[in-house]
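Since the structure comes first, as structure tokens, the remarks are kept for the end.
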Amino acid sequence: MKTVMFFIILFCSSLLTAQTTNKNTNLLEESISIKLAKFPIANFPNKSVPVSDIRIAQMVSDSVNVGYALKGMDNYVVNLKITKPLTNFLQDHIYRMYKNDFKKDGIKMFWVLKDLRMGEKTAFMEYSYCRFNMDGYISTDGVLYKKACTLDTVYVTESSGDVSKWHGDEIEKAFGVFSKWVLRYAKNVLADNSDQKTIEEILNQLYQNTNHPILNDTIYNEGAYLNFEEFLHNKPSIQDYKPVIMGKYNIKFTSTNSQEVSDTLNIWGLCKSGEIYRYYEETLVPIEKMGTGFIISDFIKNTNKHNRNLVFFSFMGGLAGGVIGGVAVGLAANAAKNKLMLVKSIPYITKPSKQPVASCIDMKTGEFSF
């Protein structure tokens, strides 16, 4: 009976999550193609170190589906896509921006794009988001490079009209800011004795730093993750736990030999029956791997969705059926009053109306991102 109750809780918690994110997230047939300007205007700062070339590489989690736009009052979800090979798409634009400013005897730059996520939502105003995380390296000979800087930020565009057209401009803006960052540190970096690496060594090190076991293992180990690190290593340390319903809608977890709610386990998430859930604000959010990251299952097309909670249906006939019916209705009614699940981890975006809608896991911090 305890096993049945656990699956009841897990299923109903998933219903709550689906209601709080978007009731139409299974309608992902439409997409918006990100476009960049054909004739961008950009230049390097006056009196900066001359530059002869900029090369770019990308290690983003998904180089095709870079985010989601929520459209209209019903929050209809649309994919934001890059319809060309991402590296070429960005490299071509960099040359359009700076080819007229390159100097034959200048330094060479190497940029590594580690994260590019786009988002969009409609409220009283429309908001567009661009998550941009890039490392910059410089070289005098084009063989050995020194790291100059990292830029990891989120750009927000606010408009009373359709912001979809701004996504390309946000990428271009990020490139412009980043080039100035690299040049700001160039002289000091060239003068110091820091380690130098080849492009191959740089990419190999970054790959090793992000090639987590959870992304490669074909079997997820059962149990609860005490923290994000346990999730990344596919090593949940908590095996003896039980769910406890708090009031009507919330779930907490305690150890199996604990009878007191005060002994709550503060878990990051859990793996049950081969599926993974992020534990968030006393609910269980189903997530699954996409590319080299994890995304909330509600944002995946039904035809491609892996975590469908189908395992629960075998536990919901007969004895459990009436219980699920009653609990699920209560959860859905309560969730309908809630707002969309928002990204609250960006320190300079604190107003809920401006915060992006969560759709994936930030693989660096374990927090929800967009």
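Here are the numbers for this structure:
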{"quantity": "Asp152, sole failed condition from (1) more than 14 Å from Leu113 (Cβ to Cβ); (2) touching a strand residue (DSSP E or B) at 6+ places or on another chain (Cβ under 7 Å); (3) not polar (S, T, N, Q)", "calculated": "(1)"}
{"quantity": "Of residues in segment 105-123 being acidic (Asp, Glu) and over 24 Å from Ser52 (Cβ atoms), the one most open to solvent (accessible area, probe 1.4 Å)", "calculated": "Asp115"}
{"quantity": "Residue that is in contact with a strand residue (DSSP E or B) (Cβ under 8 Å, 6 or more places away or on another chain), part of a strand (DSSP E or B) and hydrophobic (A, V, I, L, M, F, W, C), where the choices are Leu70, Leu90", "calculated": "Leu70"}
{"quantity": "Meets criteria (of a type outside the set (Phe, Trp, Tyr), free of Cβ contacts under 8 Å to residues at least 24 places away in the same chain, open to solvent by 20 Å² or more (accessible area, probe 1.4 Å) and part of a strand (DSSP E or B)) for Thr157", "calculated": "no"}
{"quantity": "Of all residues in segment 277-311 being of a type in the set (Ser, Thr, Tyr) and farther than 20 Å from Ile251 by Cα, the one that is modelled with the lowest pLDDT", "calculated": "Thr303"}
{"quantity": "Odd one out for Lys165 among (1) surrounded by fewer than 20 Cβ atoms within 10 Å (Cβ to Cβ); (2) in contact with a Gly (Cβ under 6 Å, 6 or more places away or on another chain); (3) not small (Gly, Ala, Ser)", "calculated": "(2)"}
{"quantity": "Segment 165-186 residues that are farther than 15 Å from Lys38 by Cα, paired with ones that are among the small types (Gly, Ala, Ser) (beta carbon under 7 Å, 6 or more apart)", "calculated": "Gly176/Ala42; Phe178/Gly136; Trp181/Gly136; Val182/Gly136; Val182/Ala148; Leu183/Ser48; Tyr185/Ala148; Ala186/Ala148"}
{"quantity": "Val189 being in contact with a strand residue (DSSP E or B) (Cβ under 7 Å, 6 or more places away or on another chain) and farther than 30 Å from Asp141 by Cα", "calculated": "no"}
{"quantity": "First in segment 260-276 and surrounded by 12 or more Cβ atoms within 10 Å (Cβ to Cβ) and at pLDDT below 85, second anywhere and outside any loop (DSSP other than H, G, I, E, B) and among the basic types (Lys, Arg), Cβ under 7 Å, 6 or more apart", "calculated": "Thr264/Lys252"}
{"quantity": "Whichever residue in segment 225-258 is modelled with pLDDT of 95 or more and open to solvent by less than 50 Å² (accessible area, probe 1.4 Å) and, among such residues, is farthest from the chain's Cα centre (by Cα)", "calculated": "Pro236"}
{"quantity": "Residues that are surrounded by 14 or more Cβ atoms within 10 Å (Cβ to Cβ) and in contact with a Lys or Arg (Cβ under 9 Å, 6 or more places away or on another chain), drawn from segment 347-361", "calculated": "Gln355, Pro356, Val357, Ala358, Ser359, Cys360, Ile361"}
{"quantity": "Tally, over segment 168-202, of residues that are open to solvent by 20 Å² or more (accessible area, probe 1.4 Å) and either touching a Lys or Arg at 6+ places or on another chain (Cβ under 6 Å) or of a type outside the set (A, V, I, L, M, F, W, C) (or both)", "calculated": "17"}
{"quantity": "Matching residues, segment 124-152, being part of a strand (DSSP E or B), open to solvent by 30 Å² or more (accessible area, probe 1.4 Å) and under 30 Å from Pro352 (Cα atoms)", "calculated": "Glu126, Thr150, Asp152"}
{"quantity": "Matching residues, segment 141-162, being among the acidic types (Asp, Glu) and either in contact with a Leu (Cβ under 6 Å, 6 or more places away or on another chain) or at pLDDT 90 or above (or both)", "calculated": "Asp141, Asp152"}
{"quantity": "Candidates Lys165, Lys99, Lys121, filtered to the one that is at pLDDT below 90, in a helix (DSSP H, G or I) and not aromatic (Phe, Trp, Tyr)", "calculated": "Lys165"}
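The values are calculated or read from the model by the stated rules, or taken from the named source; none is laboratory data. Since this is a predicted model, take the numbers as computed values, not measurements. Reconstructed Cβ throughout: ideal geometry from the backbone, glycine too, with neighbour counts over all protein chains shown. The accessibility values were calculated without ligands, DNA or RNA, using every heavy atom of the protein model including side chains. Shrake-Rupley method; radii C 1.70, N 1.55, O 1.52, S 1.80 Å.
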